[in-house]
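*Asks:* Here it is, the structure in full.
The values are calculated or read from the model by the stated rules, or taken from the named source; none is laboratory data. What you see is a predicted model, and the numbers here were worked out from it, not measured in a lab. Because the Cβ atoms are built from the backbone with ideal geometry, glycine has one as well, and the counts that use them run over all protein chains shown.
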Amino acid sequence: MIEFLIRRITYSIVVIFVVSVVVFAAIHSLPGDPIEIMLQEFANPVLTARLRAHYLLDQPIYVQYGHWIRGILTGEWGISIRTQRPILATITKAMQPSLIIALGGWIVSSVVGVVLGTVAALKRGTIIDYMASVSAFVGLSTPAFFYGLILMLIFGLRLRWFPSSGYVFLQDAPLETMSYVVLPILAIGLRMSAAITRISRTAVLEVIGEDYVKTARAKGLREGVVIIKHVLRSSMITIVTVSGLQLGVLLGGVVILENVFAIPGLGSLVVNGTFFRDYPIIQACVLVFSVWFTAINVVVDFSYSMLDPRIHYG
Amino acid sequence: MSGGCILLFFVWTIIGPMVLASSPTKINLSARFSPPSLSHIGGTDNLGRDVFARVTLGCRVAVKVSMGAVVFSSILGSMFGLISGYFRGRIDAVLMRIMDVFFAIPSVILAIALVAFMGNSLTNVIIAIGIVYVPQVARVVRGATLRVREEDYVLAAKAIGGSDFHIIFKHVLRNTLPIVVSISTLYLGGAILYEATLSYLGMGVPIAALSWGRILNDARNYINTAPHTVFVAGGAIIFVVLNLNLLGDQLRDILDPKLRGSK
């Protein structure tokens, strides 16, 4: 088991390294000389040569990559071209809202999805089932930002229950932070719950006809206990699998909704960085997102062995 | 029925712009923000332009981008999947590791980064979304190829001396094609969503090419005064993607009954 863990993590680290190489190569293959762009009309051969040497642009590309990667690993992530501020500090600050929204969205989607799917399965064929299935299907066909826009319109602008944009950091006013993240969390949570609802319904339907469920009921256990202890326990692995596959949707949704609600998180950094062609920031953010994504995937894989003891690794 | 709706959508995409009553680009400031009415079915936007006409024009972008991206990813992904699944061994290992690298980057972010690097243009958006889907198609085709290559008719073809090329194209491809077709329909819907998202963020097709996402981006600033624009454009997206998803589900049930549907 530990062996598998180590192998899996090593593999993930290798993948991340390759991602960093690809990202680095992509940026450095772009047309245009960064020094010339920086200097514009002030360019002269001496200055250009000096700046080039300073930024290591006269070195072979693998030396430049080595320098960049060493910087990443030692905490020197460079400076954002747009803001002229250190990237590591900017990213660390931006992580807070993104993490809150991602975590909140994941919790909302899991709870809503599993509950709705289970209820739909239990009340199969009734209007509740129909409504849940239809809304899940429509939900899958709706872009995430549309959820955000509708929620913003209703709860932010018309009812004025929550602020429609902006963000306050936890360290400044924790209670206010909560009000700013409710709408984005709901938006991403509801959007993601569509797939979870569908798969929960299918998973529960598959399990509910099994003999051990009949036995549990025959034993006289309360319906609630039967559902939670037996039915859901078995369905969990399918649900967790789909939940894990939804991760890409979650992170993508975070990016989009940060834009909709004007929240200064990692997603906004990427989007704004793209507009200004702030390549160091784009590079760093893509790397951070990939590390997040890969790390959570590894955790999800490992949760399988906990959910189903029959699954052994290694 | 969903097939019928899609057909209707295609017909409207082609003939719509020609039969429109109002021009999608004519600015009429005296009529800005008017709600849906008989003269303007979808109302007007912040510059008095007819919303329904603009959304109609947007259909073209949606169709172009989604079809382009799906064709691109189907061809490339199938190629990788077939080669990987058929030859296995080292080639398989290398190709799948390359796919893993792309899987490691969340899709929306990959699409944004690709458009950032390649620049805003219709072709680049198609390629970017296509690249996002290539690993997924490759994975599915690889799985199907792994199954098919063990079938008797493949072994028989090998026994009578069929070349690998011949076997892949005549036997394996023919039997993996249904799966590619059924997932392609689902990816069509997904591609439309990606394109709308990219355009909403300002990173999709150029402004001149009217995209639903771009319309929603403009509408966002006026959402409180004129929410009808958001609903019409968003409704169009949902309508098309919903029918594509329904069609994809039905196709999947027909073409591969072994795959259980989630009904």
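*Asks:* So, in region A:164-214, how many residues would count as being under 12 Å from A:VAL231 (Cα atoms) and without any contact (Cβ under 8 Å) to a residue 12 or more places away in the chain?
*Replies:* Result for region A:164-214: 3.
*Asks:* May I ask you to list the residues in region B:110-139 that are over 17 Å from the mean Cα position of the chain (by Cα) and assigned to a helix (DSSP H, G or I)?
*Replies:* Of everything in region B:110-139, those that are over 17 Å from the mean Cα position of the chain (by Cα) and assigned to a helix (DSSP H, G or I) turn out to be B:ALA113, B:ALA116, B:PHE117, B:MET118, B:ARG139.
*Asks:* Evaluate region B:134-147: report whether one residue or more is modelled with pLDDT of 85 or more, surrounded by 15 or more Cβ atoms within 10 Å (Cβ to Cβ), within 13 Å of chain A (Cβ to nearest Cβ) and within 30 Å of B:ARG214 (Cα to Cα).
*Replies:* For region B:134-147, residues modelled with pLDDT of 85 or more, surrounded by 15 or more Cβ atoms within 10 Å (Cβ to Cβ), within 13 Å of chain A (Cβ to nearest Cβ) and within 30 Å of B:ARG214 (Cα to Cα): present.
*Asks:* Now for a separate question. Looking only at region B:1-45, count every residue that is among the hydrophobic types (A, V, I, L, M, F, W, C) and assigned to a loop (DSSP other than H, G, I, E, B) and tell me the total.
*Replies:* Going through region B:1-45 one residue at a time, the tally reaches 7.
*Asks:* Here's something else I'd like to know. Do the conditions hold for A:PRO184, that is, is it within 14 Å of the chain's Cα centre (by Cα), more than 23 Å from B:ASN245 (Cβ to Cβ) and not hydrophobic (A, V, I, L, M, F, W, C)?
*Replies:* Details: within 14 Å of the chain's Cα centre (by Cα): yes; more than 23 Å from B:ASN245 (Cβ to Cβ): yes; not hydrophobic (A, V, I, L, M, F, W, C): yes.
The answer is yes for A:PRO184.
*Asks:* Pick out, from region B:141-220, the helices (runs of 4 or more DSSP H) lying fully within it that include 3 or more residues that are touching a residue at least 12 places away in the same chain (Cβ under 8 Å), over 30 Å from B:ILE6 (Cβ atoms) and out of contact with any strand residue (DSSP E or B) (no Cβ under 9 Å at 6 or more places or on another chain). So that I can check it myself, show each step before the final result.
*Replies:* On the way: elements: B:152-159, B:164-167, B:173-200, B:212-220.
Those helices (runs of 4 or more DSSP H) span B:152-159.
*Asks:* I'd like the full set of residues that are away from chain A (no Cβ under 14 Å) and of a type in the set (Val, Ile, Thr), limited to region B:73-124.
*Replies:* B:ILE75, B:ILE83, B:ILE91, B:THR123
*Asks:* Name the single residue that is modelled with the highest pLDDT among those in region A:285-314 being farther than 17 Å from A:SER12 by Cα and in a helix (DSSP H, G or I). Spell out how you get there, then give the answer.
*Replies:* Step one: list which residues in region A:285-314 are farther than 17 Å from A:SER12 by Cα, which gives A:285, A:304-312.
Retained after the next criterion (residues that are in a helix (DSSP H, G or I)): A:285, A:304-307.
Values: A:CYS285: 87, A:TYR304: 71, A:SER305: 67, A:MET306: 70, A:LEU307: 68.
Out of the qualifying residues, it is A:CYS285.
*Asks:* For region B:144-171, what are the residues that are among the hydrophobic types (A, V, I, L, M, F, W, C) and under 14 Å from B:ARG88 (Cα atoms)?
*Replies:* B:ALA144, B:LEU146, B:VAL148, B:ILE168 - these are the residues of region B:144-171 that are among the hydrophobic types (A, V, I, L, M, F, W, C) and under 14 Å from B:ARG88 (Cα atoms).
*Asks:* Related question: Right, B:ASP45: surrounded by 19 or more Cβ atoms within 10 Å (Cβ to Cβ), touching a strand residue (DSSP E or B) at 6+ places or on another chain (Cβ under 9 Å) and within 30 Å of B:HIS228 (Cβ to Cβ) or not?
*Replies:* no
*Asks:* Residue pairs, Cβ under 7 Å, 6 or more apart or interchain, first in region A:17-29 and more than 11 Å from B:ALA104 (Cβ to Cβ), second surrounded by fewer than 15 Cβ atoms within 10 Å (Cβ to Cβ). List them.
*Replies:* Partner pairs satisfying both residue conditions: A:HIS28/A:ILE61.
*Asks:* Select, from B:ALA196, B:ALA226, the only residue that is within 14 Å of another protein chain (Cβ to nearest Cβ), closer than 25 Å to A:MET152 by Cβ and surrounded by 23 or more Cβ atoms within 10 Å (Cβ to Cβ).
*Replies:* B:ALA196
*Asks:* With A:LEU247, A:LEU251 as the choices, which residue is surrounded by fewer than 20 Cβ atoms within 10 Å (Cβ to Cβ), in contact with a Phe, Trp or Tyr (Cβ under 8 Å, 6 or more places away or on another chain), under 30 Å from A:SER268 (Cα atoms) and in contact (Cβ under 8 Å) with a residue 12 or more places away in the chain?
*Replies:* Exactly one residue qualifies, and that residue is A:LEU247.
*Asks:* Then there's this: Checking B:ILE91 against (1) touching a residue at least 60 places away in the same chain (Cβ under 8 Å); (2) surrounded by fewer than 18 Cβ atoms within 10 Å (Cβ to Cβ); (3) over 28 Å from B:PRO206 (Cα atoms), which single condition isn't satisfied?
*Replies:* Single failed check for B:ILE91: (1).
*Asks:* While we're here: Going through B:ALA62, B:ALA53 one at a time, which residue ends up being within 14 Å of chain A (Cβ to nearest Cβ), of a type in the set (A, V, I, L, M, F, W, C), farther than 30 Å from A:PHE17 by Cα and part of a helix (DSSP H, G or I)?
*Replies:* B:ALA62
*Asks:* Another question about this same structure. When you check B:ILE127 against the structure, is it surrounded by fewer than 21 Cβ atoms within 10 Å (Cβ to Cβ), within 14 Å of chain A (Cβ to nearest Cβ) and within 25 Å of B:ILE207 (Cα to Cα), yes or no?
*Replies:* Working: surrounded by fewer than 21 Cβ atoms within 10 Å (Cβ to Cβ): yes; within 14 Å of chain A (Cβ to nearest Cβ): yes; within 25 Å of B:ILE207 (Cα to Cα): yes.
Yes: the conditions hold for B:ILE127.
*Asks:* I've got another one for you. Restricting to region A:130-167, what's the tally of residues that are out of contact with any Lys or Arg (no Cβ under 9 Å at 6 or more places or on another chain), at the interface with another protein chain (Cβ under 10 Å from one of its Cβ atoms) and among the polar types (S, T, N, Q)?
*Replies:* 2
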